[in-house]
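Visitor: Before I ask anything, let me first share the structure, which is written out below as structure tokens.
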Amino acid sequence: MEVFVPLRPPKVGMYVCGVTVYDRSHVGHARALVTFDVVFRYLQWCGYDVNFVRNFTDVDDKIIARAQQAGISTAELVATNLAAFEEDVRALGCLRPTREPRATEHIPEMIALIEKLIERGLAYVTDGDVYFCVEKFPGYGKLSKRRLEDMIAGARVDVDERKRHPMDFALWKASKPGEPKWPSPWGEGRPGWHIECSAMATKYLGQPFDIHGGGADLVFPHHENEIAQSEGAHGCEFARYWLHNGLVTIGTEKMSKSLGNFMTVAEAVARVGGEALRLFVLGTHYRSPLDFAPERLDDAARALGRLYDTLARADAAGALANATPDSGRMEEFRAAMDDDFNTARALAVLFDTIRELNRVMDEKRTANLSALRSTVRELSAVLGVGSNDPSTVLEEERERHLRSRGVTREYVVAKLGERAEARRRKDFATADSIRDELRNLGIVVEDTAEGTVWKVAR
């Protein structure tokens, strides 16, 4: 644990490795997106002016292979998946970063960085390819705490006899037939994976900058290689603080497309909505592994429904959302978030406030009703859950629930009409039977002073 001290307060520079747009994002990607969205939101809430940069990798071996397999250009594949990504982040309620640079828009910056590394003797050219020489950078391995002599080639590290050391990695790849290519001093080709983040982070944030984030699977080799390139070229620290979210697992295995054990963000959103998926992610500290099961999404959806039920009730009771929040609860929340962004503890503060709000309404107390409602609004805005219109959210929940049970709204309305007629005839056995039938469909019927209403069972 370290105290966060920005280089140039109140300004904060934060770079997060984004997605490689060769396919739809899955729940593992959602974790990184939500995690750093909350970091962004919280730093802003604390009064910092945050320059948040999150990149797109839009040229890559996987993109090329997938486009060739589909018989389309890489540009077409990228455009389709970028549009899908926009849908996913909207559903997750993520704020737009300050900048979202694409790798292919920064080839000149990458070439300039590679040239500098060659000039400093840290890179070498062979047959149109350019490699970084890891033995020439004494600090190699300092982030992942690995010794060079013990390293085994990791993800995306090609075995190539032309390398001076097995761990040397590609900065530039000579072009092959049918692949995207750009001119360079070493011939036509395309950049390696790691160089793009070094070039874009430095361009938009300078060097050093405050925070670099990404998934735990990027520590080695990607982030290790970024450090080597950037510090080797510029002779100073690259990033001051490193944040890595833990992996989403299914059983003991990492969720990944290569293993086929994944649920896309779109599939999760169709099941429970994007806000419930977000709540599921925030329920575990970002650095810990997050074990996934569809049933856990359903649990998060029910918890979210309880939150919105309470907010709808508070709004009906005349609570003011713009009143002064409860200072004690705000301090509890701040303490949780200052503890390495402990969103699990922060959510506990939010739901404790929700429970107290219900108690206040049950007891028909009005003294601190508005303060509690305002507290919920403030905390929700930082976490990105519970900030939407309750009536709209609850209506969307009802629609999803009906679809999942294969029934229509018209069916429910008709059943409620039959029940009302049975009650009018004082045929309470039939009325109770209809209530039980709807209950078996996960629908709760309540008779209130304003009439009969129905909602999803919690």
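Visitor: Provide the per-residue ³J(HN,Hα) series for the stretch 168-176, in order, calculated from phi with Karplus coefficients 6.51, -1.76, 1.60 and θ = phi - 60°, each as a whole number of Hz, with x at glycine and proline positions.
Guide: Whole-Hz 3J(HN,Hα) from phi for the stretch 168-176: 4, 10, 6, 9, 9, 10, 4, 5, 10.
Visitor: Turning to a different aspect of this structure: Any lysines with Cα under 18 Å of the residue 203 Cα? List them, leaving off those in the same chain fewer than 8 positions away.
Guide: 11, 116
Visitor: Once amide H atoms are built 1.01 Å from N in the peptide plane, which residues 5 or more positions from residue 167, or in another chain, come under 5 Å H to H?
Guide: Long-range HN contacts for residue 167: none found.
Visitor: Follow-up. Please label the shape of the stretch 11-245 as rounded, prolate or oblate, based on the square roots a ≥ b ≥ c of the eigenvalues of the alpha-carbon gyration tensor (a/c under 1.5 means rounded; beyond that, a/b larger than b/c means prolate, else oblate). If you can, show how the numbers build up before the last one.
Guide: Numbers: a/c = 1.73, a/b = 1.19, b/c = 1.46.
It comes out oblate by the Cα gyration axes.
Visitor: Here is a further query. Would you mind computing Rg(Cα) / (2.2 N^0.38 Å) for the stretch 407-456, counting N as its residues? Let's see the in-between values first.
Guide: Values: Rg = 10.2 Å, N = 50, 2.2 N^0.38 = 9.7 Å.
Against the compact-globule rule of thumb, the ratio is 1.05.
Visitor: Here's something else I'd like to know. Compute the angle between helix 409-424 and the longest alpha-carbon principal axis of the chain, please, reported from 0 to 90 degrees and rounded to the nearest 10.
Guide: It is inclined by approximately 20 degrees.
Visitor: In addition: Collect residues whose amide H, placed 1.01 Å from N in the peptide plane, falls under 5 Å from the amide H of residue 255; neighbours closer than 5 in sequence don't count.
Guide: The list, which skips near neighbours in sequence, is 248, 249, 250.
Visitor: Treat each spin label as a single point 7 Å out from the Cα along the C-beta direction, and report the residue 446 to residue 425 distance in nm.
Guide: About 2.9 nm separates the two model spin labels.
Visitor: Further question: Sort 381-391, 293-303 for me by packing, meaning the mean count of neighbouring Cβ atoms within 10 Å per residue, highest on top. Please report the intermediate quantities before stating the final value.
Guide: Working: 381-391: 18.2, 293-303: 16.3.
Most protected by this proxy first, the peptides run 381-391, 293-303.
Visitor: Can you give me the long-range amide H partners of residue 12? Hydrogens built in the peptide plane at 1.01 Å from N, cutoff under 5 Å, separation of 5 or more residues or another chain.
Guide: Hits under the 5 Å cutoff: 49, 50, 51.
Visitor: Sticking with this one: Would you give the gap between the C-alpha center of the stretch 197-245 and the C-alpha center of the stretch 389-406, rounded to a whole Å?
Guide: 43 Å
Visitor: Per the helix-only calculation at 222 nm, which mean residue ellipticity applies to the chain, given -39500 (n - 2.57) for every DSSP H run of n ≥ 4 and division by its residues, nearest 500 deg cm²/dmol?
Guide: Values: 15 runs with 217 residues, N = 458.
My calculation for the chain gives -15500 deg cm²/dmol from helical runs alone.
Visitor: Let me ask something additional. Using the Cα centre of the stretch 253-391 as origin and beta-carbon charges of +1 (Lys, Arg) and -1 (Asp, Glu), tell me which of 357, 305, 289 is placed farthest towards the positive end of the dipole.
Guide: Most positive-ward Cα: 305.
Visitor: Could you name the aspartates and glutamates in cross-link range of residue 415, using Cα to Cα under 18 Å and dropping any fewer than eight places away on the same chain?
Guide: Filter leaves 399, 427, 432, 436, 437, 446, 447.
Visitor: Would the stretch 1-102 count as rounded, prolate or oblate if I go by the C-alpha gyration tensor, calling it rounded below 1.5 in a/c and otherwise prolate when a/b exceeds b/c, oblate otherwise? Write out the running numbers ahead of the final one.
Guide: Working: a/c = 2.80, a/b = 2.30, b/c = 1.22.
Since a/c reaches 1.5 and a/b is larger than b/c, the shape of the stretch 1-102 is classed as prolate.
Visitor: Taking θ as phi - 60°, what are the ³J(HN,Hα) couplings along the stretch 100-105 by the Karplus curve (6.51, -1.76, 1.60), each to the nearest whole Hz, with x for Gly and Pro?
Guide: Using θ = phi - 60°, the values come out as 10, x, 9, 4, 5, 8 Hz.
Visitor: For the Cα atoms of the chain, what angle does the longest principal axis make with the long axis of helix 294-316, in degrees from 0 to 90, nearest 10?
Guide: 50 degrees
Visitor: Please turn the phi angles of the stretch 185-192 into ³J(HN,Hα) values with the Karplus equation 6.51 cos²θ - 1.76 cosθ + 1.60 (θ = phi - 60°), one per residue in order, whole Hz, x for glycine and proline.
Guide: Going residue by residue, I get x, 10, x, 5, x, 9, x, x Hz, with x marking Gly and Pro.
Visitor: What does the C-alpha gyration tensor say about the overall shape of the chain? Classify as rounded when a/c is under 1.5, otherwise prolate if a/b is larger than b/c, or oblate. Walk me through the intermediate numbers first.
Guide: Numbers: a/c = 3.02, a/b = 1.92, b/c = 1.58.
Prolate shape, in that a/c is at least 1.5 and a/b is the bigger ratio.
Visitor: Could you work out the relative contact order of the stretch 73-174, using alpha carbon pairs under 8 angstrom and six or more residues apart, expressed as a whole percent? Don't skip to the end; give the middle numbers.
Guide: On the way: 67 pairs, mean separation 24.2, N = 102.
24 percent.
Visitor: Something else now. Taking the mean number of other Cβ atoms within 10 Å as a proxy for protection, how do you rank 192-205, 135-148 from highest to lowest? Can you show the working numbers first?
Guide: Details: 192-205: 24.1, 135-148: 15.2.
Most protected by this proxy first, the peptides run 192-205, 135-148.
Values quoted throughout were computed directly from the atomic coordinates according to the rules given, and no laboratory measurement underlies them. Just so we're clear, the structure is a prediction, and the values are computed from it rather than from any experiment. Quick reminder, even Gly has a Cβ in these numbers, built from the backbone with ideal geometry, and neighbours come from all protein chains shown.
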